[in-house]
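The values are calculated or read from the model by the stated rules, or taken from the named source; none is laboratory data. On a predicted model such as this, the values are computed, not experimentally measured, just so you know. Glycine also receives a Cβ, built like all others from the backbone with ideal geometry; neighbour counts cover every protein chain displayed.
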Amino acid sequence: MVTIHNANAKDLDAVNSIYAEAYTEVKSDPMFGDYLYIKKPDRKSNDVLKKRIYADIKKGNCIFNIAEENGKKVGFCFVTRKIAGSELSHVGILGVRVLKDWRGLGIGSDLISKTLNDAKGRFEIIEIYVLGFNTGAKRLYRRLGFKRWGIARRYMKRNGKYYNLEYMYLDL
């Protein structure tokens, strides 16, 4: 059974491995539905990111949830302030990722729903950015109440080919 809980510092190590799996996945499936750094982050970069995320959680600028099954972290979802301490601090950016073997089981939907519920009262608007060809993700986000508000043409470049990015939002 999959459980979802607020992340602690130790959980963030698993976030790095979940993110790293995407580099393997995009090699076998160039239409992998998320964008990545050109170069896979090294351990030092991951440690810096982990410390920054945890500091943002402690400051109240980030909500971070983990999906876990029998001790294995299988997904995560977060909302982080667009620009903390600014006139945009009421806006959060949502990110979600579920390991390939656990997709299609409702984990992503459950992660997002819990994270959005946790965001109420702390954020007013939630944005998410989705690649134009990722129809499954767009369908999920629409089902959860997100609406499209724009398209960035040729926003991502993978293997010499350009792809559009769609902006979606949810008014909490």
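What to note about this one:
- Selection within the range 85-96 - within 24 Å of Asp13 (Cα to Cα) and either surrounded by fewer than 19 Cβ atoms within 10 Å (Cβ to Cβ) or hydroxyl-bearing (Ser, Thr, Tyr) (or both): Ile93, Gly95
- Residue in the range 119-131 that is among the charged types (D, E, K, R), in a strand (DSSP E or B), buried (at least 16 other Cβ atoms within 10 Å of the Cβ) and at pLDDT 95 or above present: yes
- Among residues of the range 144-160 being free of Cβ contacts under 8 Å to residues at least 12 places away in the same chain and part of a strand (DSSP E or B), the one that is farthest from Lys39 (Cα to Cα) is Arg153.
- If the condition is being among the hydrophobic types (A, V, I, L, M, F, W, C), out of contact with any Cys (no Cβ under 8 Å at 6 or more places or on another chain) and either within 20 Å of Tyr54 (Cα to Cα) or not in a loop (DSSP other than H, G, I, E, B) (or both), then the range 69-107 contributes Val74, Phe76, Cys77, Ile83, Ala84, Val91, Ile93, Val98, Trp102, Ile107.
- Residue that is surrounded by fewer than 17 Cβ atoms within 10 Å (Cβ to Cβ), basic (Lys, Arg), more than 21 Å from Glu25 (Cα to Cα) and over 16 Å from the mean Cα position of the chain (by Cα), where the choices are Lys161, Lys157, Lys147, Lys72: Lys147
- Residue check for Tyr141: within 25 Å of Val26 (Cβ to Cβ) and not in a loop (DSSP other than H, G, I, E, B): yes
- Cross-chain or 6+ apart pairs with Cβ under 8 Å, the range 113-138 first and in contact (Cβ under 8 Å) with a residue 24 or more places away in the chain, then hydrophobic (A, V, I, L, M, F, W, C) and in a helix (DSSP H, G or I): Ile126/Leu116; Ile126/Ala119; Val130/Ala137; Leu131/Ala137
- Selection count, the range 5-17, where residues are under 15 Å from the mean Cα position of the chain (by Cα) and under 14 Å from Arg43 (Cα atoms): 5
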